[in-house]
Amino acid sequence: VQLQAYGGGLVQAGGSLRLSCAASGLTSRTYAIGWFRQAPGTEREFVGGIQWNGGFTWFAPSVEGRFTISRDNKNTVYLQMNTLKPEDTAVYYCASRNFGAPEYDYWGQGTQVTVSS
């Protein structure tokens, strides 16, 4: 499995940005794709996820109502981020999780998102 997140950049507070996660090598064992972020000096935190088959999504309370996740039929997952806040500044990663796996076990390189106040 290979994952690559891209689309980060600099945006003003209140603005929007869409990240993409290009996935390859996914199999029938893939349960979900998740988005995570890590700001300097902090631990990595879960942002949201999408069930690979079915499209069910779930989010951390800090982004609920502002972020959405979707996927297309070409194995790309999108993280749409609206009403961005300076505290959303972080490196964002996507990862995959297989059925039965306790954690997300395949990770892509991150993409930097910076929200200016």
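The values are calculated or read from the model by the stated rules, or taken from the named source; none is laboratory data. Since we're looking at a predicted model, the values are computed, not measured. No Cβ is skipped: glycine too gets one built from the backbone with ideal geometry, and neighbour counts run over all protein chains shown. Quick note on the areas: whole protein, heavy atoms, side chains included, nothing else; ligands and nucleic acids left out. Shrake-Rupley method; radii C 1.70, N 1.55, O 1.52, S 1.80 Å.
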Express in Å², to the nearest 10, the accessible area of residue 29 obtained by rolling a 1.4 Å probe over the protein heavy atoms while all chains stay in place.
140 Å²
Semi-axes of the equivalent ellipsoid of the chain: what are they in whole Å, largest first, if each equals the square root of 5 times a C-alpha gyration tensor eigenvalue?
23, 14, 13
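Regarding the stretch 1-65, what whole-number volume in Å³ per residue does the convex hull of its Cα atoms give?
Details: hull volume 7.8 nm³, N = 65.
Per residue, the Cα convex hull of the stretch 1-65 comes to 121 Å³.
How much net charge surrounds residue 9 when only the other residues with a Cβ under 15 Å from the Cβ of residue 9 are counted, with Lys and Arg +1 and Asp and Glu -1? Please report the intermediate quantities before stating the final value.
On the way: positive: 18, 37; negative: 88.
Local net charge: +1.
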Once residue 73 and residue 105 are pulled to full extension, the length gained, defined as 0.36 nm per residue separation minus their Cα-Cα distance, is 9.3 nm
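For the stretch 1-114, give the magnitude of the charge dipole about the Cα centre (Cβ charges: +1 Lys/Arg, -1 Asp/Glu; no others), in debye to the nearest 20. Walk me through the intermediate numbers first.
Working: 9 positive and 8 negative charges, 55 e Å.
Value, rounded to 20: 260 debye.
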Lys and Arg at +1, Asp and Glu at -1: add these up for the other residues within a Cβ distance under 10 Å of residue 96 and post the number.
+1
Would you look at the GNM of the chain, springs on alpha carbons closer than 10 Å, and say which of 54, 41, 100 moves the most?
41
Carbon/sulfur accessible area of the stretch 1-100, % of total, 1.4 Å probe, equals 48 percent
For a quick check of understanding: with a 1.4 angstrom probe and all protein chains in place, what accessible area in square angstrom does residue 31 have, to the nearest ten?
60 Å²
Send over a whole-number figure in Å² for the accessible area per residue of the chain, probe 1.4 Å.
52 Å²
With a sphere of radius 15 Å drawn around the Cβ of residue 56, what net charge do the other residues whose Cβ falls strictly inside it have (Lys, Arg +1; Asp, Glu -1)?
+1
For the pair residue 80 and residue 117, how long in nm is the line joining their label points, each one 7 Å along Cα→Cβ?
2.9 nm
